[in-house]
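Read the structure below first, then the notes.
The values are calculated or read from the model by the stated rules, or taken from the named source; none is laboratory data. None of these values were measured; they are calculated from a predicted model. Neighbour counts are summed over all protein chains in view; Cβ atoms, including those assigned to glycine, are modelled from backbone coordinates with ideal geometry.
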């Protein structure tokens, strides 16, 4: 074949590929959701004179074409493998692998945000909690257990902990949790900890707050699979999905969960919720601003208030053996000024329990 003929073949092949993608984009139905990425995909933008002249149409059209591109996940997977396996980069779009675990970079330490979190705790203590038994615990994100050994950039955890210790009111007692966990205690494809591996965490909390809680070995185990964690789709690598093990007991089965936003009472575990975008919603039906767990069989009347993030969803059921009521407050979804309308602060135990990921972005606490 002549050089001219080769050039014609290349040009023809190029146009055939372009035409193929165009035909595929026309024939294939637009997807509303990306299950792997846990987000809505852009739909075809509405055409208007205003959107054309403002430039908004071009922006929305670009987002639409990127989201609805044929074989999009395959191209994402190819790019991820090329970056990590061929170029030997340590991470791809902030996602990195250690063994069969998927991790997401959290760097650097935002000292101002940490101070903001400490001040938020102090403000709540001064307004509502003075004289009560108040504690705080910091949940390490799973990078803490692998980043240094694998030479991955990570926040300065020691500096964060020291800063919180110095800036949080000293009448609020710290409960150390960093030594209660290891990398294997977290889901491989998600940021959260595994409920069945929280034995040391539960024991540490019980000992620090003076409450009797049984060991996790006495619980029955049930499972839900597959669990595609938050990092599963972000990695674009199709790692092996996780399995959720959730612990059952007579107390958990007979306790109730009241959701203020939905104004309804449900069981603590909801398998229907696990079938949605995030199977971790099995625990307490997912994110919610204000929840009340009640243990009807605990006669002591002792109560616990937890200011929390999503990690507490799988932990709280394991604390019910020692409390008649546990109130969960998530200030990412409600303003703290509303608290006096929802709860009377008396002699409850109070626990501020946030992950390092939240303390590093404390502006989200309202």
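Selection within region 160-171: residues that are touching a helix residue (DSSP H, G or I) at 6+ places or on another chain (Cβ under 6 Å) and either free of Cβ contacts under 8 Å to residues at least 12 places away in the same chain or assigned to a loop (DSSP other than H, G, I, E, B) (or both). The member of this set that is nearest to residue 110 (Cα to Cα) is 168.
Considering 97, 109, 124, 116, which residue is surrounded by 14 or more Cβ atoms within 10 Å (Cβ to Cβ) and part of a strand (DSSP E or B)? Sole residue among the options that is surrounded by 14 or more Cβ atoms within 10 Å (Cβ to Cβ) and part of a strand (DSSP E or B): 97. When region 158-168 is limited to residues that are surrounded by 18 or more Cβ atoms within 10 Å (Cβ to Cβ) and in contact with a strand residue (DSSP E or B) (Cβ under 9 Å, 6 or more places away or on another chain), the one that is nearest to residue 247 (Cα to Cα) turns out to be 161. In region 274-285, is there at least one residue being on the phi > 0 side of the Ramachandran plot and in contact with a strand residue (DSSP E or B) (Cβ under 7 Å, 6 or more places away or on another chain)? Yes. Evaluated against (1) out of contact with any helix residue (DSSP H, G or I) (no Cβ under 9 Å at 6 or more places or on another chain); (2) part of a loop (DSSP other than H, G, I, E, B); (3) in contact (Cβ under 8 Å) with a residue 12 or more places away in the chain; (4) over 26 Å from residue 191 (Cα atoms), residue 333 falls short on exactly one condition, (4). Given the structure, is residue 341 assigned by TED's automatic domain parsing to the domain that holds residue 110, modelled with pLDDT under 95, out of contact with any helix residue (DSSP H, G or I) (no Cβ under 8 Å at 6 or more places or on another chain) and within 18 Å of residue 136 (Cα to Cα)? It is false that residue 341 is assigned by TED's automatic domain parsing to the domain that holds residue 110, modelled with pLDDT under 95, out of contact with any helix residue (DSSP H, G or I) (no Cβ under 8 Å at 6 or more places or on another chain) and within 18 Å of residue 136 (Cα to Cα).
So that you can scan it fast, the table gives a plain yes or no per residue for (1) under 21 Å from residue 303 (Cα atoms); (2) surrounded by fewer than 17 Cβ atoms within 10 Å (Cβ to Cβ):
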{"residue": "207", "(1), (2)": "yes, yes"}
{"residue": "213", "(1), (2)": "yes, no"}
{"residue": "221", "(1), (2)": "no, yes"}
{"residue": "225", "(1), (2)": "no, yes"}
{"residue": "238", "(1), (2)": "no, yes"}
{"residue": "244", "(1), (2)": "no, no"}
{"residue": "253", "(1), (2)": "yes, yes"}
{"residue": "259", "(1), (2)": "yes, no"}
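Take the conditions under 23 Å from residue 103 (Cα atoms), part of a loop (DSSP other than H, G, I, E, B), at pLDDT below 95 and assigned by TED's automatic domain parsing to the domain that holds residue 307 and apply them to residue 238. Does it pass? Here the answer is yes, as residue 238 does meet what is asked.
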